[in-house]
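Here the structure comes first, spelled out in structure tokens, and everything after it is commentary.
The values are calculated or read from the model by the stated rules, or taken from the named source; none is laboratory data. Since we're looking at a predicted model, the values are computed, not measured. Note: ideal-geometry Cβ built from the backbone for every residue, glycine included; neighbour counts use all protein chains shown. Surface areas here come from the heavy atoms of the whole protein model, side chains and all, with no ligands, DNA or RNA. Shrake-Rupley method; radii C 1.70, N 1.55, O 1.52, S 1.80 Å.
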Amino acid sequence: MSDKKDIHEDKFLAPENRKHVVIGPDGEEIHVDPLNDYFCTDMPKVEKPYKGVMEKFLNWARAESLWVLAFGTGCGSIELPPLFSPRFDAYRFGVAMRPTPRQSGVLIISGYLAVKTLKRAIRSYEQMQNPKYVIALGSCTINGGMYWDSYNTINRLDHYLPVDVYIAGCMPRPEAVLAGFMKLKERIKKGDAEGANEYVEKLDWYKANQKKIIKDWNMPDYNW
Amino acid sequence: MNELINHLKERFPIYDVVESTTGPTFVSLDAAKLIPMITSLKTNHGFKILVILSTVDWIEDGKFQLTYIINNPDEKTDLGIRIFIDRENASMESIHKLWVFAATFQREIKEMYGIDFPGSPGVDDQFLLEGWDEMPPMRRDFDTKKYSEDTFFPRPGRETNDPAEYMKQKLYPDE
Ligand code: SF4
């Protein structure tokens, strides 16, 4: 992990994130270091699952209320709105859309990810609260799909975020997405969907992969 | 259109006039004469709109082609102007003084092809690529497949078949 000094000398650091001085209304000088003052620099910790019946009950509860972050990338974001229309009606499975990462538990990566979008996806994922799950839609997230030789889209999502369920297809129909949700529920109920903890355990590896391609890393190492 | 082309021929060294009944008429021009001609077209001939500014990489000739398509909304005609500039240290005069938003086209061309437009506002800022430090990716000597394989952890097991070869093997396995 790079220490805090590096990030300040980063040439890509946005001007408002550099150390600067603000003059207050009474002429007082306030030294602001946005990266340390405005962001939490702590690293996340593994949250151990409870034992026995308690965890089973919690997993049942989690599986029956999947709140999806409305974050669309690639062609697949077009397949998601019909999911919440009367025809497919994902609400009957406890799947709902939420507008902010803080409220949601499922991140759907719906297609190809440009490097620029990956950065935003990582931020959104890290800002979500535990427990959180990732569903990857489409062949682009699996092996690059038809953009496999593009200079700007990633090939394998599981090198950057812990993926729970892959849904194959180009593009998967809403039925397939619903089937994916069913698979995710099974996984959660079995207690296999520990992606968030896996992410924390292998954080160094994930961060190394992410930083290999995101060359202007102008954000904290972990975005709380 | 013919009148206009004849008029232009008298005043500017245009060549390679390609007329079309369906699309715009294209003319080619020396890069140095572009600004006077495009200014005159805008002020005297009603070509008020810049439709697009695009680039082609002719790597075999060592040239970049810049295509300016302009539109005359009153007569509903389009005119395409092609200019060729050297690939080495490619640089072209900016037209942002005529159309402010041309700066955006030029910024993208700078990023994707490395053609410089001195004086164009924000031309050095990053546009679509963040933190890109390789050769501009749309140049034809940039090997995007190799870059992708080196960078993005390709998943093994990806096979491609040449359709002709594959069908031949399927249909005539003995040959
Ligand atoms: S898998 Fe197909 S439909 Fe989905 S983002 Fe990739 S190209 Fe688009």
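Things worth noting here:
Residues are listed down the side, and each one gets a yes or a no for (1) over 19 Å from residue A:194 (Cα atoms); (2) part of a loop (DSSP other than H, G, I, E, B); (3) open to solvent by 70 Å² or more (accessible area, probe 1.4 Å):
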site: A:40; (1), (2), (3): yes, yes, no
site: A:50; (1), (2), (3): no, yes, yes
site: A:57; (1), (2), (3): no, no, yes
site: A:61; (1), (2), (3): no, no, no
site: A:67; (1), (2), (3): no, no, yes
site: A:81; (1), (2), (3): yes, no, yes
site: A:117; (1), (2), (3): yes, no, no
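- Restricting the first member to segment B:138-158 and to residues that are within 19 Å of residue A:115 (Cα to Cα), and the second to residues that are surrounded by 14 or more Cβ atoms within 10 Å (Cβ to Cβ) and of a type in the set (Asp, Glu), the beta-carbon pairs closer than 6 Å and six or more apart or on different chains are B:144/A:149; B:145/A:149; B:148/A:149.
- Members of segment A:83-115 found to be more than 16 Å from the ligand (Cβ to nearest atom), in a strand (DSSP E or B) and not β-branched (Val, Ile, Thr), listed by number: A:96, A:97, A:98
- Each residue in segment A:152-169 was checked for being within 10 Å of the ligand (Cβ to nearest atom), within 14 Å of another protein chain (Cβ to nearest Cβ) and assigned to a loop (DSSP other than H, G, I, E, B), and 1 pass.
- Residue in segment A:173-194 that is within 30 Å of residue B:147 (Cβ to Cβ) and either open to solvent by less than 40 Å² (accessible area, probe 1.4 Å) or part of a strand (DSSP E or B) (or both) present: no
- Positions within segment A:201-224 being more than 14 Å from chain B (Cβ to nearest Cβ) and within 17 Å of residue A:154 (Cβ to Cβ), in sequence order: A:207
- Subset of segment A:119-146 that is more than 14 Å from chain B (Cβ to nearest Cβ) and in a strand (DSSP E or B) - its residue that is nearest to the ligand (Cβ to nearest atom): A:137
- Qualifying residue in segment B:114-122 (condition: in contact (Cβ under 8 Å) with a residue 40 or more places away in the chain and either within 23 Å of residue B:43 (Cβ to Cβ) or within 9 Å of chain A (Cβ to nearest Cβ) (or both)): no
- Any hit, segment B:154-166, residues being touching a strand residue (DSSP E or B) at 6+ places or on another chain (Cβ under 8 Å) and surrounded by 16 or more Cβ atoms within 10 Å (Cβ to Cβ): no
- Qualifying residues in segment B:146-164 (those that are part of a loop (DSSP other than H, G, I, E, B), farther than 16 Å from residue A:209 by Cβ and within 32 Å of the chain's Cα centre (by Cα)) - the one farthest from the other protein chains (Cβ to nearest Cβ): B:162
- Considering the conditions (1) within 16 Å of the ligand (Cβ to nearest atom); (2) at pLDDT below 90; (3) more than 14 Å from chain B (Cβ to nearest Cβ); (4) in contact with an Asp or Glu (Cβ under 9 Å, 6 or more places away or on another chain), residue A:149 is excluded by exactly one of them, (3).
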